[in-house]
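Okay, so here's the structure we're looking at.
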Amino acid sequence: MSANNKSKQQKKRFSISAKMYLSVTLTVIAVAVGTAVFAYNLSAAQINSYFKRLAYNSADNVASLVDSSFYARLREVAESEDYQKVRELAEKEEDEELVKQYLIKAGIWDDYEKNLEFLENYHAHMADIKYLYCVVFGGKDAVKDMYLIDDDEESALYYATGYMEDREEEFYGVDSTVRIEPTITHGRWGWLVSAYAPVFDEDGKVICQIGCDISMDDVMDERQHYLVIITISTLILVILALTGAWLFSSKLIVRPLNRLSAEMKKFDPGEDKNYETAHVVSMDFRYSDEIYDIYKTVKAMQIHIVDYINRLYVARQDKQKIITSLEKAESDIKDRDAQIGEISQKAYIDPLTNVGNKTAYEQKAEILTKKIKDKTAEFAVVMIDLNDLKMVNDRYGHRAGDAYIKGCCQTICMIYGTFWVYRIGGDEFAVILEGISYKERSELFEKLQNAFYESADNKAVSPQARYSASCGMAEYDPEKDESFENVFRRADNNMYENKNRFKKKHGSYR
């Protein structure tokens, strides 16, 4: 069994119906889940936005109503070293009376009670607020912040005023001189949305921040409940949508395709069979759709096949005559092609060396001239003139001279290949380099010269086998070459310079 047949047997079938059901399922699930996620996130975002706005508005409202001068004095007292010593002692001995007495001596206790009462009353009338307090934020790089006043009845004075508490992570790097964006956190106090509004002094400088915390525990519980509901609803919607999509796809697409596939497998054309006995597909369709178009195409193709086979059957009687006529025609065509090929080869191939002749060379030159005009040319020309050919002809005869020409040509073709080589005269060859050969022109030209130098100096063979030639190469330069002829002349001049050097070294006979 061939590898191709094995591959076909091993290839698993993945039907269109399976692909369609899979595609519909994935699409419905993606749309349903995407819609559910979007609805959940949108609802969560709107609720979060509402509570953030509520917390900030509450804090801002309190900040606009409090006595800023009192908070300035309270901050000054709380930040003093004397007060901090008293506060630490009060905390150590759990005696908040020490703090109270210090504030009385500082002359701010009455105002302290009034402002605390204001916060407590405001808190009492705002059921949504969980904590209401005043805090002094340190600099951006600070890790602790100081509380000035807190309406929490359970909080002792030495914790409510002047207490330095570790800054929450979400406020690391916060700049208290600008508006602090409300945040939602989940920690030891539960779910809280926290917002801060600044209290300014007469010069517009921030004294402290009124902090407002609103509990979102109930909201988050409801959100979890909403998530469960939307998940169940999504599952129900997916099941209903998939059921409907599968039924729709099965009725309008899968079943008609399966019927068409089964009918196509029954098709069995043969000689002397009509449409019915050949089982040409025949189905009824309610709708004109793409499947119906496929059905019409298949039916037309099967009818064409049956008609074609029957026409062949009728024409069988004249088979021998037709075959004989075709064989004769085929023989005539082959003879003509052979003649054309022979004529073409003679027209472009040098009969002695089997490389391109001057006609082929001139045709190539015309192509390159056109490329020069189109500014797409990139080529080089190598001119080669054989040395010692006259000596070989005079001493050993013209047959030896022809062999010498062929030997020199073989040396050239060993370097460049036959495709680029042309014999343009009795002892002259040209090589036109493009593509990879052009990119490697310098290396190839050096190899060519070395090959002829080694052959000319090889005393181990007879003189007529010491192949020698003078070579010159020139590259197309778009800055100064207007035609192929310019490149050819430079290559020819370089070749003659090489030949003159060769004659000075080996004598003028060459």
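Computed quantities for the displayed model
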item: Cα-based Rg and Dmax for segment 21-222, where Dmax is the largest Cα-Cα distance (Å); result: 21.0, 83
item: Neighbourhood net charge (15 Å Cβ-Cβ; Lys/Arg +1, Asp/Glu -1) for TRP191; result: -4
item: Rounded to 10°, Cα long-axis angle of helix 217-249 versus longest principal axis of the chain; result: 30
item: Sparse-neighbour loop sites [chymotrypsin sites (Phe, Trp or Tyr not before Pro); segment 142-200; at most 13 other C-beta within 10 Å; DSSP]; result: TYR172, TRP189
item: Long-range amide H partners of GLY138 with built H, under 5 Å; result: MET146
item: Sum of side-chain charges, GLY138 neighbourhood, beta-carbon under 12 Å (Lys, Arg +1; Asp, Glu -1); result: -3
item: Relative compactness, segment 349-506, computed as alpha-carbon Rg over 2.2 N^0.38 Å; result: 1.04
item: Under 5 Å, built H, 5+ apart or other chain: amide partners of ILE349; result: ASN357
item: Nearest 10 degrees, 0 to 90: helix 255-265 Cα axis against the chain principal axis; result: 20
item: Over the chain, relative contact order from alpha-carbon pairs under 8 Å, at least 6 apart, %; result: 11
item: Projected label distance in nm at ALA39 and ILE305, using a 7 Å step from Cα toward the beta-carbon; result: 5.2
item: For segment 485-493, 3J(HN,Hα) per residue [Karplus equation, 6.51 cos²θ - 1.76 cosθ + 1.60, θ = phi - 60°, Hz, x = Gly/Pro]; result: 4, 4, 5, 4, 5, 5, 5, 5, 5
item: Entries of LYS358/LYS406; LYS371/LYS480; LYS371/LYS406 with Cα pairs more than 20 Å apart; result: LYS371/LYS406
item: Spatially proximal aspartates and glutamates relative to LYS505 (Cα-Cα < 16 Å; intrachain offsets below 8 disregarded); result: ASP388, GLU454, ASP457, GLU497
item: Per principal axis, descending, Cα span of the chain in whole Å; result: 138, 89, 45
item: Given LYS130/LYS205; LYS370/LYS447; LYS459/LYS503; LYS100/LYS140; LYS52/LYS144, the pairs whose alpha carbons are separated by over 26 Å; result: LYS130/LYS205; LYS370/LYS447; LYS100/LYS140
item: Dipole axis of the chain (+1 Lys, Arg; -1 Asp, Glu on Cβ), positive-most option in VAL66, VAL487, GLN209; result: VAL487
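Where a number appears in this text, it was derived from the coordinates with a stated rule and is not lab data. As the structure is a prediction and not an experimental result, all values here were calculated from the model. Heads up, the Cβs are rebuilt from the backbone with ideal geometry, glycines too, and the neighbour counts pull from every protein chain shown.
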